[in-house]
Amino acid sequence: MQALRLIAGAAVLACAGLLAACGGGAAFTAPTPGPTCVPGENVQMIYPIPGATGVPDAPQQFVFAVASPLPNNWNAYVTFQNSLANGVYTNAGMETISASQVPQPAATPSIANPVYQSITLAGSFLSGQSVYVWLNNGATNCTPLGPLGSFTTK
């Protein structure tokens, strides 16, 4: 019985970390089945750098490079595996930022004259956690696009 309580407590802590990292989104919400969310242009995740390891467990934001700004109803869907299972949507949507506001180190976008957009995070992930980031249009019934990137926290 004690072991079950420890496992349940660890699961609750993991969920709390995920919720805090994503600004308190709805926990473990299944994505809407339907066509894939398509922003109509190329989108590149540049921060944290896709494939990076040793990322601080509280990155504060995801940053994307796009050809033209996406509306604020675009948000992120975050999972701990390369699958849409057991993820959470962020409450915060896309906000345009200047190039000087992009945290470093960041990936160099291949988009000519990119616009930088950020999704603010309000907490931290667990240490040593693999995080997969998908892009979602919260104004439509679509399946999140991605993953656009993944990283591992230190």
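The values are calculated or read from the model by the stated rules, or taken from the named source; none is laboratory data. Because the structure is a prediction, the values reported are computed rather than measured. We place every Cβ from the backbone using ideal geometry, glycine too, and count neighbours over all the protein chains shown.
A few comments on the model shown:
- Taken as a whole, the condition of being in contact with a Gly (Cβ under 7 Å, 6 or more places away or on another chain) and either over 18 Å from Pro35 (Cα atoms) or buried (at least 21 other Cβ atoms within 10 Å of the Cβ) (or both) applies to Val133.
- From Ala85, Ala99, residue being surrounded by fewer than 16 Cβ atoms within 10 Å (Cβ to Cβ), of a type in the set (A, V, I, L, M) and modelled with pLDDT under 95: Ala85
- Residues in the range 26-78 that are more than 15 Å from Thr90 (Cβ to Cβ), small (Gly, Ala, Ser) and not in a loop (DSSP other than H, G, I, E, B): Ala65 only.
- Restricting attention to the range 134-154 and to residues that are under 10 Å from the mean Cα position of the chain (by Cα) and among the aliphatic types (A, V, I, L, M), the residue that is farthest from Ser118 (Cα to Cα) turns out to be Leu148.
- Count of the range 96-154 residues which are under 13 Å from Ala52 (Cα atoms), assigned to a loop (DSSP other than H, G, I, E, B), in contact with a strand residue (DSSP E or B) (Cβ under 7 Å, 6 or more places away or on another chain) and in contact (Cβ under 8 Å) with a residue 40 or more places away in the chain: 4
- Only one entry of Gly93, Gly146, Gly123, Gly138 meets the criterion of being touching a helix residue (DSSP H, G or I) at 6+ places or on another chain (Cβ under 6 Å) and not hydroxyl-bearing (Ser, Thr, Tyr), and that entry is Gly123.
- Scoring Thr90 on the criteria (1) surrounded by fewer than 15 Cβ atoms within 10 Å (Cβ to Cβ); (2) polar (S, T, N, Q); (3) within 20 Å of Ser127 (Cα to Cα) leaves a single failure, condition (1).
- First in the range 56-75 and touching a residue at least 24 places away in the same chain (Cβ under 8 Å), second anywhere and in a loop (DSSP other than H, G, I, E, B) and polar (S, T, N, Q), Cβ under 7 Å, 6 or more apart: Asp57/Ser124; Asp57/Ser127; Ala58/Ser124; Ala67/Asn42; Asn75/Thr90
- Residues that are farther than 22 Å from Gln81 by Cβ and either in contact with a His (Cβ under 7 Å, 6 or more places away or on another chain) or surrounded by fewer than 17 Cβ atoms within 10 Å (Cβ to Cβ) (or both), drawn from the range 36-52: Val38, Gly40, Glu41, Asn42
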